[in-house]
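Everything below concerns the one structure shown next.
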Amino acid sequence: MADRDYSPHQQKIIKRYYQNFDAIKSQRLSDLIAEIYLAEGKKSDRLWKQAADILTKMEFPASRIEHLMQKREPELLVGILKELETRKG
C-alpha cells in the first residue's frame, strides 16, 4: 500500500478516530441491538453478522462471539455491551 501524505488537519481527524475507536464501535453495537430486536429473516441474519464483525474488530474473544452467534439472543448482546462498557470505565 502506498504511503499517503495527509494534511495536519487530516492527521488529527485520523488520530481522534483511532483514539475513540472503541467508543464508536460500542455505539454502533448499541444501535444494532435495537435493530436486532425488531428485525426478522434475512435482515436479522445480516445484523447479527455485523454485530459479530464489530466484536471481532474490538478483539472480543472468538469463543464468546461463536457462542453468541449460536444462541442469537439479543439479551446476550446487551450483556456483552455492558461488559465492554465496564472494561472502558
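The values are calculated or read from the model by the stated rules, or taken from the named source; none is laboratory data. Quick caveat, the model's predicted, so the values are computed rather than measured. Heavy atoms of the whole protein, side chains included, go into the accessibility calculation; ligands, DNA and RNA do not. Shrake-Rupley method; radii C 1.70, N 1.55, O 1.52, S 1.80 Å.
Results, tabulated for the structure shown:
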read-out: Region 3-41, subset open to solvent by 50 Å² or more (accessible area, probe 1.4 Å), among the charged types (D, E, K, R) and in a helix (DSSP H, G or I), residue nearest to Pro74 (Cα to Cα); value: Glu35
read-out: Count of region 42-67 residues which are in a helix (DSSP H, G or I) and open to solvent by less than 30 Å² (accessible area, probe 1.4 Å); value: 8
read-out: Odd one out for Gln70 among (1) modelled with pLDDT of 95 or more; (2) open to solvent by less than 100 Å² (accessible area, probe 1.4 Å); value: (2)
